[in-house]
Every structure is written in C-alpha cells, then in structure tokens.
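> What follows is a structure written as structure tokens; I'll ask about it next.
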Amino acid sequence: MHLRRCRANLTFMVAAFQITSLQIIAAALVPLSFFTLLPLGRWLRRGQRVQIGFAYQLFALAFSLYLPVALFGPKLLPKSSPAAPSAPVASSEIRALEEQILALQKSVKSLSANPVQAAPDRSLSLEELSRHLLSATALLGTLVLLALFRRFFWEPWFQRRHQTAPPKFLSQLFGITVFIGALLVILSSVYGRDLTGVLFGSTVVVGIIGFAMQDLLGNIIAGIALELGKPFKTGDWLQVDKINAEVIEVNWRSTRLRTTDDVYLDIPNKTIVGATITNFTHPNRQHAIRIRVGFEYQTAPNTVRQALVRATAAARGVLSTPPPKVFLVDFSDSAILYEIKAWIEDQAAFNDICDAIRTNIWYESQRRGLRIPFPIRTLQIERPHRSPRENREVLRATLSKHPLLQLLNPEQAESLLATASSVHFGTGETIIEQGSEGDSMFIILHGECSVSIRSNGLSRTVATLRDGDYFGEMSLLTGEPRTATITAAADCSMWRIAKSDFAPILHENKELAARLSDCLAARRLETEGIFASSAPTLEVSAKRSQYAQGILFKLYSFFEL
C-alpha cells in the first residue's frame, strides 16, 4: 500500500513538471521570435527601402504570441492531477476529499438547473484566443506582404516598362482590394461567418451608397484610365484651360499640377479625362512656340524676316536646331502681321523665353529703323526725347577723346557725325561675336559692355567697357574678323561708324590712312604688352613700323584707295 502511494505521487510530479516545462518554453518563445523579427524589419526598411513601419512591429508581436499557441495548443492548459490507484482500504483523508468532491458536484448541478441564477463564464478560451491571434497575424502579414510586393515586383516592373516611377494610387487601390479580400476570407474561414448577406445585401442600400459615391468612383475610374492610357506622367508640362502647368501627382481623386507661378491646381480626374490637354513634353521635350508681331506696310517682308530671325535666334532658351522661322500671316488694319516659330525644350521657362524674344525684337527693329506701328484706333501722343542736336554734342565730346578720331579735322569730324547712326542694345544681347566678319566700329555713349575671348573651347571675360569706350576699329579700317565677343552687360546706347561712313573721308584725304595705320599699330603694341616690356627702343620702333606697314596695306586694299 505504501508503495502504491509513492508511485501515484511520482506520476503526479512528472505530469506537473511536463506542463511547467511547456509553459516555460512557450513563454521564452514569445520574446525570442519577436526580437528575431525586429532586426529583419529594420534591414528591410533601411537596407532594402521597403516601406514598412509600425504595422510590421504589430505583425511581429501578433506572430510571436500566436506561435506558441499554434505549436503547443491545449498542452499549455493545466490538466487534472492523476488519481492514485485505488487501495483496498482508503485512508480517512481520501474519504474526506471524496465527500467534498461529491458535495461540490451537487452544488454545480443545482446551479446549472437554475440558469437565471447561474453566472455566465466570461473567461477567454484557448480556442478563441488562437482565432484572434491568427486573424491579427494574417491581416498584419497581408500589409507586410503588400509592401514587399510593391518594392520588389511592382516598382521595378513599372520602371522598366514605362521608364518612370509608378503612381501611388494604383498600388494603394490594389492594396486596399487585397486587404478587404483577406478580411472577408478570415471572417468566413476563421470565424465561420456567413458573408452572403454582406456581399449581396439590400439593393436599396447598395443603390444609396453608389449614388453617394458616384463622383468618387468616377474619379477613381478616370484615374485608372489615365494610368492605362498614359496621356501624361509626373513631370510633364501640360496646357489645361489655357494654363501651363507641370504634373506633380496623380492620386485617387484628382491630378495635381503646378503653374509657372508656383500655384498648385487640383483638378478632378473626370475633368482631366473630359478635357482637351496639350502635352508639351511627350513624346519629347522639344516643341515649337509661336509669337505674333506687326510691322508697318512700308517695310519689305524679307527685311522684317531677317530682323525677326536674328532677334529670335539670339534669345536665351531658343534652340538653334531647328532654326527659327517667320511667316507673314495677315494684312491687318494697322500693320502686316508676322508669326515667329521658335523651338524650345524647357516649357518652365516659357514666359522668360517669350520676354527675351520680344525684347530682342524691339532692339533689333530700332537698330534697323523698322517701325512697329500703333493700332489705328489708338491716339498716339509722342513726347520729345533728347534732340539729335543734343546727341550730336555728346558724340562730338566723345570723338574729341578718341585717339583715332582725333586725327580728323573739324570738317571731317562733322561729316562723320552727319552719317554715323545711333543704335541701342538690350541687356544680354551680343553686339559683335569673335570670328565674325565686320566693317564698323562702336562708341559707347551710355551703358556697359563685357569683353570675352574664346580660346581652346573656353570663354573668359577679359575687360569691361563703359561710357566713352570704343571697339571694332580694326574691322572698320581693315575688314579683319572680330577678335573678341562684346556683350551688353546693361542697356546701351551707341554710335556706329560703318565703312560707308568713313570711306568718303579717306578718299578725300589719303594721307589720313598713314596716320590711322600708325595709331592702330601703336594700339596693337599696347594690346600685346610690348610697350610695357623691357625691349629696346629700336626693337619696339621697328615692330611698330612693321605693324603700321601691314595695316596700311590692308586699309588701302579694304577701301580700294
């Protein structure tokens, strides 16, 4: 009998030890799996740029709690202690315990017989806990899988196929659809819910919801159509309702645009689909713009075309290939209308390019003596500017300081003043270009110019010219190509002395050619730095004489003296 009791106690202790071991393993498995999944999520987020955040941490926690329940299940619940084998003669303690158990069973039966008085059992069973953890793990795992799908399949495939970043709203729409599908599957399979009534409910309710969401659904369907048809993509420049704007984003409901004034437009997708859209970027960024301008009837169209083509080609932002074109489009009431067709790439600079073209047209027309007439129905009131006599006095004072023109006698200077022309250049315009042919010189009355020289493919600024300075005298007297590029650093007023203005003076006084040659030789020596060097005087004098003879020969040949 004593031996039987020892065996019973030993069996009870072994069973209790087994249950405690499983509970310890399950308790250790939760933090172990959780802290194993966290570094994996950190690697995916930082190393692989997968967009997972707090949802992944919740998934790791739910999975860690569900794992021991799925592995061990009912084994985690405490079992009733094994009963010792019945002895021929039971002890008094065992009889007392049996009597207590019988009394407890009677009381339980009496409570179950009276359901009003019986207290409901609100404790969470292991089966219910397992279902809840499985549902949470499945839903959160769906979010993690969607993030992995977007990063490793959807985005690379869309980038290879369309050469652009995939739109957000398509992946969001797909994600929501998959998540709702997973939720319905869990409700049906895990919780055993009948979803027939949910999916095929009252037609009245469905109709009301559909009517209330018709605008939203219409915009979503229109957004899908935009993505499938691909009339534009993010970064394209569009014209919508005569407004130029850049595509910033295409989302669920609308398309976001940004104008050249940094004003953001939010246009519903249905409106975009139903509107006529001009895409300035597709299939390539190069496209043409058109500008109209009118000139007076007395000016020959070919003369106007030459002026407009030159002014347009010099504008910043206009492509040199294809070259600009000019069309005569109409004979209007007060002017002949011309249309300029110029090619550009950067639609964001549209306003700046149009401004540069129109500005260059004004300066070019002023230099060529072309008039842009006022409309006939407009009252024109002209106010006097500085008189030609005042301008001539300024030029006369400037000529008196010019080393070349100081060689002229008063009669020759007055003759030159009568034939020289006044010209204007706007900021940024190129007045002369290095290497180009020329037969005129310029004297700056007002303004500022920069001098740049191109060498070995690089251009550098070497000097700045201001009021009273001059340039181009070598081309005027010898016809040599321009040796530098002169650009207007500010609006400039100048006098231009052309070959046709200077030729009569040289033909009347051929001795002037020798003095001009000697003066030009001296200036060339100054430019080359020979005057400032330590070379002997005889060597400098010989060099000057050599330069003078060469310049005089070119001068005689150029003016046919």
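Nothing in this text is a laboratory measurement; each read-out follows from the coordinates by a stated rule. Predicted model, so just to flag it, every value in this text is computed and none were measured. FYI the Cβ positions are ideal-geometry reconstructions off the backbone, even for glycines, and counts take in every protein chain you see.
> Show me 448-460, 137-149, 506-518 ranked by packing, highest mean number of other Cβ atoms within 10 Å first. Present the calculation step by step, with values, prior to reporting the outcome.
Numbers: 448-460: 12.6, 137-149: 18.2, 506-518: 16.3.
Highest-to-lowest ranking by the protection proxy: 137-149, 506-518, 448-460.
> Would you mind putting 481-488, 317-324, 544-551 in packing order, based on average other-beta-carbon counts within 10 Å, highest first?
So the order, starting with the most tightly packed, is 481-488, 544-551, 317-324.
> Roughly what percent of Cα-Cα pairs across region 401-559 reach past 24 Å?
Details: 4740 of 12561 pairs.
Distances greater than 24 Å cover 38 percent of the Cα pairs.
> Using mean Cβ contacts within 10 Å as the protection proxy, how do 230-236, 297-303 order, highest first?
Those peptides, ordered most packed to least, come out 230-236, 297-303.
> Can you tell me, using C-alpha contacts under 8 Å and at least 6 residues apart, the relative contact order of region 287-368 as a whole percent?
40
> Still on this model: From the phi angles alone, apply the Karplus equation (6.51, -1.76, 1.60; θ = phi - 60°) to region 553-559 and give each ³J(HN,Hα) in whole Hz, x where the residue is Gly or Pro.
Using θ = phi - 60°, the values come out as 5, 5, 5, 4, 5, 5, 9 Hz.
> Output needed: percent of Cα pairs per 5 Å distance bin for region 251-345, bins running from 0 to the one holding the longest distance.
3, 11, 16, 15, 14, 11, 11, 10, 6, 3, 1, 0
> Once you put a point 7 Å from the Cα of Asp241 and another 7 Å from the Cα of Thr483, both along the Cβ direction, what distance in nm separates them?
6.1
> Continuing with the same structure: Residue-wise, which Karplus ³J(HN,Hα) couplings in Hz belong to region 148-158, taking 6.51 cos²θ - 1.76 cosθ + 1.60, θ = phi - 60°, and x for glycine or proline?
5, 5, 5, 6, 9, 10, 5, 5, x, 5, 5
> Using the Kirkwood radius over C-alpha pairs as Rh, can you work out the diffusion coefficient of region 432-504 via Stokes-Einstein at 10 °C, viscosity 1.306 mPa s, in µm² per second?
Numbers: Rh = 12.6 Å.
Using the Kirkwood radius from Cα pairs, D works out to 126 µm²/s.
> Could you work out the relative contact order of region 401-559, using alpha carbon pairs under 8 angstrom and six or more residues apart, expressed as a whole percent?
28
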